[in-house]
Amino acid sequence: MNAARKLALSFPLILLLALLLLYPLALLLGRSLQNANGLGLSNYLLLFTEAPYRRALFHSVILSALVAALSSLICLAPAWLFANENFPGKNLVRAIFTLPMSFSGIIVGFLAVIMLGRIGAVPQFLQRITGHNYLAGSAYQLGGLVIAYLYFEIPRATLTLESALRKFDPQLSVAARSLGAGTWQRLRLLILPLIWRPLVSTFAVTFTVSLGSFGVALILSKRFSVLPLEIFQQITGYGNQGLMAAMSIALVLLACVINYSVRATSGLGAGQLQDAEGRGGAGPPSGRRIDAGEGTPA
Amino acid sequence: MKKLLLTALGLLAALVAHAQEKVVIQYDCIPNYANWGGVTAAYMKETGVRVPPDMKGSSAAMAALDAEKANPQADCAYYSGAIGYQAATKGLHQPYQPKGWEKIPDSLKDPEGKWWTVHTGHIAILVNKSALGGKPVPRSFADLLKPEYKGMVVYDDPTIQGTGFTFVYGINSIMGGGADMKAGFDYLKKLDANVVNYAKENSYNDLLRGEIPIWINADGNGLKAQWVDKAPIETVIASEGTVVMPLVMGMVAGAPHPEETKKYLDWCLGDSAQKLMAQSFFRPVMKVDLDADLQKQFPPESNYAKAITLPLNEMAANADAVKARWSKEIKR
Amino acid sequence: MRMDRIGILALYLITWALLIVVAAPLLVVLAGAFLDPSLLGVSSERWAADTSAFVPGWFGYVFALYGRSMQFSLLLALLSVAVCIVVSVPAAYAIVRTDSRAGRALEEITLLPLSIPGIAMSIGLIQAYTIVRGQWWLILCGHVLYTIPLMMRVVTNALRSFDLEKLEGVAQSLGANRWQRSLFVILPNLRHSIIVGSLLVFAISWGEFNVSFLLNTPLHQTYPAALYATYTANSFAVSSAATTIFLAVIIPVLLALQWIGGREFNRLEQAA
């Protein structure tokens, strides 16, 4: 069988991607460039000239970046433990950590309300022990939004980092110590260079997820708008089709720019970025091959 | 593996079976609003026809109908009056005169039958007393501006929900404003300081739990929370007055299930449906005999002495401009 | 040495704190679902609760009002799994076996949906297919688009892990024809990956909201959309019961992934 005939096996996939991915995206791009006077960038300009849209765009970027940075850093702790330590109940703990993975944003938003709403479980509990309902209604403030976003990023960040940290051989650290390296020296010279790349790719993964998240904001964000919410407003109210398309394309571009620039700076292939193998650097084609021992022989 | 396949086949069969089942699609059919949950459940029991819940607000329903004009998905829709009127002028409805048509007052229906009122409500201040934190129950719209209610007030986003639109439009008349809407917008701007949220969706649940202490919405929802759900809710008709909100239905142009829809629309004006709506404290458009107990639970008529009836045609004609202005000046 | 101890202790502390953050809300939801409704003073939802008196608490209400959504979402998830297997496995084989530039480009494009926000994609689908808007399979299309990268990655990784060429060569020299080779040599080797991929696809599809929300119609509504409806318009008891049902489906799937998938799962799921 020659290569062309083999590739024909992927025809259903090609068809599916063309119809469901490329054609709608192209159409969206086309719509976003159309305006009353023909073609132009006026829809995109609206994103910057109209205060509500500009603010939503800005909020989206800042919130996603903040959440991505926080989750990448905080989740180093569980990722390190899962990768390098053994403790009783590890499997169960790890399983619980993966739970929010498939929670859609609305569920996370609901959980945030029942915990941190005006009469949420946390303020009620604090009321009982301190006599004051601290944190009441914090779900609707920026802090609450950040915590809710963190909630669904925890499993993503933890698992991405864990698989990278697993490649780190603790023996190295032991060896370094026996050679007289202090804790900070080991951290600076050994561990930081090793975790830098996974941290960056975790940032990219979590940033993308936060940027597109919609359900949390739908429930929680009262005055703080994000771009996906503005798109929703455009479609439920009488929206400007061109503007709606421009917002969508802006989201797509933002996500892709972050993903691909991270990839360019860290030399990872796309597949690797998503897998966050954290061991890129080898040329893309061969670098993304998985060693035989690493796969899962059935 | 086999079991999974069988499950999938079973579900597929169920889906096909559902496709055979008779349905009427009503946009804006929120179970806890005006007792639509009870109304549709009773209709299912009586006729076997299912009317599934739908969470779109009035304006969202109109936008969806417009987007689907080429290929309509819905059979009928329910709106607050002005939005229903607007949808009819946009050509989204087909004329139909349901049974009992002649009994509806002329001001509450379109002469051709493109929309008609099923019940009416009034804009009221719904207050969850246990969530006020000891503050007094506000008695007027002016009270709502007091700093002590900061972060407690919610009203619906008027670009999505019809009730929110009726309030945003009507407050101008309540405040004695003119055609420039200045009095209304001035008030809304001041109110903004106390508003925690312009809700995109129905907030009944949040009011019940006390998550929202003060919700400006239809009086029926507050009365239902108070009498049916026994929550510590008080429904305040503001001392400045209120506006009447007719809630209307219309049959969608190109409705996919026309025969079933007509039967359903007839039924909605019938005795049993109208009574069910009254149980949610929306005032039936038809004359029905209500239980004395229920009658007593409605606030006294004197509360509504200052209720203003706004011309729907004017409201509809200005709707887009008012919504745009609200987005620009209030929501920002 | 002491610094190390303190460091590890800090890691444990952070981890336990995160564990509490993740688990506590779920416990509150479970409690809410099984509370005696009269404690919450909510009775307007009784009208439907009595339709299935044998189901405790508010579950009856949820089944009565949103049972269809549950069925629909289960069906969507199973169909997504089926479509993903049928489309991905041959394509992954082709890409790995030919190792060509075209194949790699195709692989890149397959992964693209993972970095496209769901709401943008649903706007694209709505605008591209207005004429079939309201058809239930348009939602399926959205789900497949977002789950196929996961399946592709699991399967391509597995295929790359063994020497396909050699394996096939041996089988061929033993007289196996093309169909026998794929049926008896390649597929059995992929069984484990396909199971892992299927669980992953099922889990993501069952919880998917971003793409399907705008594609939903009253007749064909996914369960997460129904959940959203209960959050806005129903009492806490009903919302909690609905969420508990959601969790009851997803938790076994995720646990199965955790134990069956092992390391593969770690590598693959995070981008979902």
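Rule-based calculations on the coordinates, nothing more; no lab input. All figures in this text were calculated on a predicted structure; none of them were measured in a lab. For neighbour counting, all protein chains shown are included, and Cβ atoms are generated from backbone atoms with ideal geometry for every residue, glycine included.
What the table below lists for this structure:
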item	result
3J(HN,Hα) from dihedral phi, segment C:4-10, Karplus parametrisation 6.51/-1.76/1.60, rounded to Hz, x for glycine, proline	4, 4, 4, x, 5, 4, 4
Cα Rg, Dmax (largest Cα-Cα span) when computed across chain C, Å	22.8, 75
Per-residue mean of C-beta atoms belonging to partner chains within 10 Å, peptide A:68-80	3
Ranked by how many other beta carbons lie within 10 Å on average, peptides B:293-302, C:83-92, A:38-47, A:148-157 from highest	A:148-157, C:83-92, A:38-47, B:293-302
Tilt relative to chain C, helix C:136-161 - C-alpha long axis, 0 to 90 degrees, to 10	40 degrees
For segment C:68-271, size of Cβ-based charge dipole, Lys and Arg +1, Asp and Glu -1, in debye	200 debye
Dipole axis of chain B (+1 Lys, Arg; -1 Asp, Glu on Cβ), positive-most option in B:Ala64, B:Ile104, B:Gly48	B:Ala64
Electrostatic dipole magnitude of the protein assembly as shown [Cβ: Lys, Arg +1; Asp, Glu -1; Cα centre; debye, to 20]	2240 debye
Proxy reagent accessibility, fewest Cβ within 10 Å first, across C:Met70, A:Met247	C:Met70, A:Met247
Integer Hz, Karplus 6.51/-1.76/1.60 couplings in order for segment B:97-105, x for Gly and Pro	10, x, 4, x, 3, 5, 7, 7, x
Segment B:1-160 shape via C-alpha gyration tensor axes, a/c threshold 1.5	oblate
Using a Förster distance of 30 Å, the FRET efficiency for C:Arg178-A:Ala18 (Cβ separation, nearest 0.05)	0.65
Footprinting exposure proxy for B:Asp66, B:Asp289 (fewest neighbouring C-beta atoms within 10 Å first)	B:Asp289, B:Asp66
Lys/Arg +1, Asp/Glu -1 at C-beta; chain A dipole; positive extreme among A:Gly30, A:Ser225, A:Trp80	A:Trp80
Pairs beyond 20 Å (Cα-Cα), from B:Lys56/B:Lys190; B:Lys69/B:Lys114; B:Lys224/B:Lys262; B:Lys90/B:Lys263; B:Lys135/B:Lys331	B:Lys56/B:Lys190; B:Lys224/B:Lys262; B:Lys90/B:Lys263; B:Lys135/B:Lys331
C-alpha long axis of helix C:187-207 to longest principal axis of chain C, angle in °	30 degrees
Fraction of beta bridges assigned by DSSP in the protein assembly as shown that are antiparallel (%, nearest 5)	70 percent
Extreme residue, positive dipole direction of segment A:34-295, given options A:Leu116, A:Ala175, A:Tyr149 (C-beta unit charges)	A:Ala175
Under 5 Å, built H, 5+ apart or other chain: amide partners of B:Val252	B:Cys76, B:Ala77, B:Gln94
Exercise: per-residue mean of other protein chain Cβ atoms within 10 Å, B:20-31	2
Relative contact order, percent, chain C [alpha-carbon distance under 8 Å, six or more residues apart]	29 percent
Tilt relative to chain B, helix B:182-191 - C-alpha long axis, 0 to 90 degrees, to 10	90 degrees
A:Ile62 paired with A:Asn91, simple spin-label distance in nm, labels 7 Å along Cα-to-beta-carbon	4.6 nm
Dipole moment magnitude, nearest 20 debye, segment A:1-154 about Cα centre, only Lys, Arg, Asp, Glu C-beta charged	200 debye
Taking B:Tyr85, A:Tyr260 and counting other C-beta atoms within 10 Å, the order from fewest to most	A:Tyr260, B:Tyr85
Amide H contacts of B:Cys29 (H built 1.01 Å from N, under 5 Å, at least 5 apart or other chain)	B:Asp54, B:Met55, B:Lys56
GNM result for chain C, Cα springs below 10 Å: residue of C:Leu11, C:Leu214, C:Leu183 fluctuating most strongly	C:Leu11
Globularity index of segment B:92-190, i.e. its alpha-carbon radius of gyration over 2.2 N^0.38 Å	1.42
Contact order normalised by residue count of segment A:1-136, Cα under 8 Å, 6+ apart, percent	7 percent
Mean Kyte hydropathy of 0.0 or more with a Cα span along the axis of at least 18 Å, helices from DSSP in chain A	A:51-74, A:142-165, A:192-212, A:241-266
Under 5 Å, built H, 5+ apart or other chain: amide partners of A:Asn35	A:Gly40
